[in-house]
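Where a number appears in this text, it was derived from the coordinates with a stated rule and is not lab data. For clarity, every value in this text was computed on a predicted model and none was experimentally measured. Glycine also receives a Cβ, built like all others from the backbone with ideal geometry; neighbour counts cover every protein chain displayed.
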Amino acid sequence: MLISMSDSQSVSLAGQMLLALPGMGDPRFDHAVIAMMAHSTDGALGIGLGRARQGLGLHALLEDLDIDPGVAPDCAVLDGGPVEPQRGFVLHSPEWDGGDTILAGELCAMSASLEVLRAIAEGRGPSRFLIALGYAGWSGGQLEGELHRHGWQVIDGDPAILFDTPPENRWRAAWQGLGIDPALLAGQTGRA
């Protein structure tokens, strides 16, 4: 489901996804898919889902944190966004709760403690997860302003895009899930 820009003023986007529109003007978000984790009048926080950190897997991250990788799969670590690029987040299925866990609608849960990483390494963590470093953040009203310009498309959060689609395919898969061929999207809007 597409959410119109006027709806975004009164509706929290937590649990939704943002898709970068071509020509948005910020190369850091080219072909970005952002899972919105928190959104209020004070601001918004989302985690980028479309780019893996080059040369960094989960095992190396765990070893850097003095956590034995144990049974954790050596999956990619995502570039979650340009803000605090060394801060880690785990987006995961909601059955695991470590006390600091927040829910983002039907999309997923998010934890940011070492406890969730230890649980994953020990095989007692969430059944589905992905790891990201950094986040995308907006101050109060900033995201709403970007939604009124040519920048983002809001869509329903889709756990299949999050957990079942490789990072490099998420943007295209999200558009295709809407019945839109992303190759046909224009990089600019017209004027009447």
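In a shell of Cβ-Cβ distance under 10 Å around residue 159, excluding residue 159 itself, what net charge do Lys and Arg (+1) and Asp and Glu (-1) give? Its environment carries a net charge of -2. Scanning residues 5 or more positions from residue 141 or on other chains, those with amide H under 5 Å from its amide H are 43, with H placed 1.01 Å from N in the peptide plane. Rounded to whole numbers, the Karplus 3J(HN,Hα) couplings from phi for the stretch 131-147 are 10, 9, 10, x, 8, 9, x, 10, 6, x, x, 5, 5, 4, x, 5, 5 Hz, using 6.51 cos²θ - 1.76 cosθ + 1.60 with θ = phi - 60°, and x at Gly and Pro.
If R0 is taken as 30 Å, the Cβ-Cβ distance between residue 142 and residue 66 corresponds to a FRET efficiency of 0.20.
In this simple spin-label model, placing a label point 7 Å from the Cα along the Cα-to-Cβ direction at both residue 84 and residue 106 gives a separation of 3.0 nm. Are there trypsin sites (Lys or Arg not before Pro) in the stretch 102-192 that DSSP marks as loop and that have at most 14 other Cβ atoms within 10 Å, and which are they? For trypsin sites (Lys or Arg not before Pro) across the stretch 102-192 that sit outside H, G, I, E and B with at most 14 neighbouring Cβ atoms in 10 Å, the list reads 124, 149, 191. Taking θ as phi - 60° and the Karplus parameters 6.51, -1.76 and 1.60, the scalar couplings of the stretch 27-36 work out to x, 5, 10, 4, 6, 6, 10, 10, 7, 7 Hz in sequence order, x denoting glycine and proline. With K and R counted +1 and D and E -1, the other residues having a Cβ less than 15 Å from that of residue 69 yield a net charge of -4.
Each Lys or Arg adds one and each Asp or Glu takes one away; over the other residues whose Cβ falls under 15 Å from the Cβ of residue 58, this sums to -4. Over the chain, the Kirkwood radius and the radius of gyration, each from Cα atoms, give a ratio Rg/Rh of 0.98.
Summarising the amide proton neighbourhood of residue 52: residues at separation of 5 or more, or on other chains, whose placed amide H is nearer than 5 Å comprise 79.
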